[in-house]
Amino acid sequence: MGDGAVTAHSTIGAPPTVAHGGRLDAARRLYPDAPQPWIDLSTGVNPRAYPLPPVADEVFTRLPDDDAFAALERAARRSYGAPAGADIVAGGGTQAFIQLLPRVFPAKRVAVLGFTYAEHAACWATSGAEVDVVETMDALAEAEAAVIVNPNNPDGRFLEPQEILSAASRMSQRGGLLIVDESFMDFTPERSVARFANDAALIVLRSFGKTYGLPGARLGFALASRSRAATLRAALGPWAVSGPALAIGASALADDAWRAGAAQLAARDAARLDALLAQAGFHIAGGTTLFRLAAHPNAARWFARLAARGVLTRAFVEKPDWLRFGLPGNDDAWSRLAEALESVDGG
């Protein structure tokens, strides 16, 4: 899942359908006098990237082979706890699956539990589906396909596994499909429904780039029953993931110690960021350990003035009092954010 969370035009000129974070090119054009380098806090990507392993030259000079895909998917199966009877499909980022699913498993009526990452609704609507963004789990009941983002982007709302499995059971009785986007789940695996992905009514999406700080690798996964996974794999076609991404992903997903350490560091930094934002007058409205959602009645002013100081946050057209902050990645970034928050009159 990318980091856009609402439809319409972003403050810094994102495409007109779905706004996303991370658009430093647009920010530079709108704020040409901002100090360099920019501090990009507009995404939910871990600022401490997984250290890249050595990659053999042939990974770049040859097409990826089946063994490389198998090695990656074995590592993902173990990391995500996929059960027997489920399969894992690797693709070019979670976004690739978000766009593919409406074409592979078409539905006329789709419900998305909102307010959430807007690409889900946009991609289903593009496929011709009637899409309702709903506020309760019960409102998912009548749809042919439903989407839940858990934990949710941007407010970090969590649904317990049993709530999701109950919804999947209701969908199964009607031959429906429940898609659960777990792009920010890696640091809270006990709350994942990946271990139930053998359910024919359930597809679970997982992101690689956010947790491991490597979004440019463009790697994500769909966990599903074997029949649904086979359909997805056929639709993706051969070589759906690059050789370097296969090698890096297999190494990172097998590194339990790194992931555990990254979870602790992110939790510590999230608490530090909460304190910093609260001191500046923000109300902490939610988030995950990779991003924090803060509310302020003058959020638009804060966005603009922080941007003028080279600090890019994530604004929301439909929620004008919200700003989302990613984690600063080093001491200099923390210092510049603190100075910007102190020097900006957000009132």
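The values are calculated or read from the model by the stated rules, or taken from the named source; none is laboratory data. It should be emphasised that the depicted structure is a prediction, and the values quoted were computed from it without experimental measurement. As a convention, Cβ positions derive from the backbone with ideal geometry for all residues, glycine included, and neighbour counts pool all protein chains shown.
Numbers below:
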read-out: Qualifying residue in segment 313-320 (condition: acidic (Asp, Glu) and over 15 Å from ASP155 (Cβ atoms)); value: no
read-out: Qualifying residue in segment 193-205 (condition: surrounded by 22 or more Cβ atoms within 10 Å (Cβ to Cβ) and not hydrophobic (A, V, I, L, M, F, W, C)); value: no
read-out: Test: residue in segment 269-281 that is buried (at least 24 other Cβ atoms within 10 Å of the Cβ) and of a type in the set (D, E, K, R); value: no
read-out: Candidates GLU144, GLU135, filtered to the one that is over 28 Å from ARG324 (Cβ atoms) and surrounded by fewer than 23 Cβ atoms within 10 Å (Cβ to Cβ); value: GLU144
read-out: Segment 257-308, residues that are charged (D, E, K, R), touching a residue at least 24 places away in the same chain (Cβ under 8 Å) and farther than 19 Å from GLU339 by Cα; value: ARG259
read-out: Segment 102-146, subset of a type in the set (Phe, Trp, Tyr) and closer than 15 Å to ILE203 by Cβ, residue farthest from the chain's Cα centre (by Cα); value: PHE105
read-out: All helices (runs of 4 or more DSSP H) inside segment 21-109 with 1 or more residues being under 17 Å from GLY209 (Cβ atoms); value: 24-30, 66-80, 94-104
read-out: Residue identified as at pLDDT 95 or above, surrounded by fewer than 19 Cβ atoms within 10 Å (Cβ to Cβ) and not β-branched (Val, Ile, Thr) among ASP40, ASP57, ASP87; value: ASP57
read-out: Residue among PRO297, PRO244, PRO320, PRO328 that is within 19 Å of ALA49 (Cα to Cα) and outside any helix (DSSP H, G or I); value: PRO328
read-out: For TRP124: the one exception among (1) crowded, with 23+ Cβ neighbours inside 10 Å; (2) not in a helix (DSSP H, G or I); value: (2)
read-out: Within segment 120-152, considering residues that are of a type in the set (A, V, I, L, M, F, W, C) and touching a Ser or Thr at 6+ places or on another chain (Cβ under 6 Å), the one nearest to ILE98 (Cα to Cα); value: ALA122
read-out: Criterion: over 29 Å from ARG109 (Cα atoms), in a helix (DSSP H, G or I) and not assigned by TED's automatic domain parsing to the domain that holds LEU72 - qualifying residue of GLY216, GLY261; value: GLY261
read-out: Some residue of segment 69-76 being of a type outside the set (Ser, Thr, Tyr) and modelled with pLDDT under 95; value: no
read-out: Boolean, GLY175 is over 22 Å from TRP322 (Cα atoms), in a loop (DSSP other than H, G, I, E, B) and outside the structural domain of GLY326 (by TED's automatic domain parsing); value: yes
read-out: Condition check for GLU190: buried (at least 24 other Cβ atoms within 10 Å of the Cβ) and on the phi < 0 side of the Ramachandran plot; value: no
read-out: Residue in segment 63-72 that is crowded, with 20+ Cβ neighbours inside 10 Å and either under 29 Å from ALA143 (Cβ atoms) or under 16 Å from the mean Cα position of the chain (by Cα) (or both) present; value: no
read-out: Hits in segment 139-158 - residues which are under 21 Å from SER127 (Cα atoms) and touching a residue at least 40 places away in the same chain (Cβ under 8 Å); value: ALA145, VAL149
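Results for (1) more than 21 Å from GLY287 (Cβ to Cβ); (2) of a type in the set (Phe, Trp, Tyr); (3) touching a strand residue (DSSP E or B) at 6+ places or on another chain (Cβ under 6 Å), shown as yes or no for each residue.
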position	(1), (2), (3)
LEU159	no, no, no
SER172	yes, no, no
LEU236	yes, no, yes
GLY243	yes, no, no
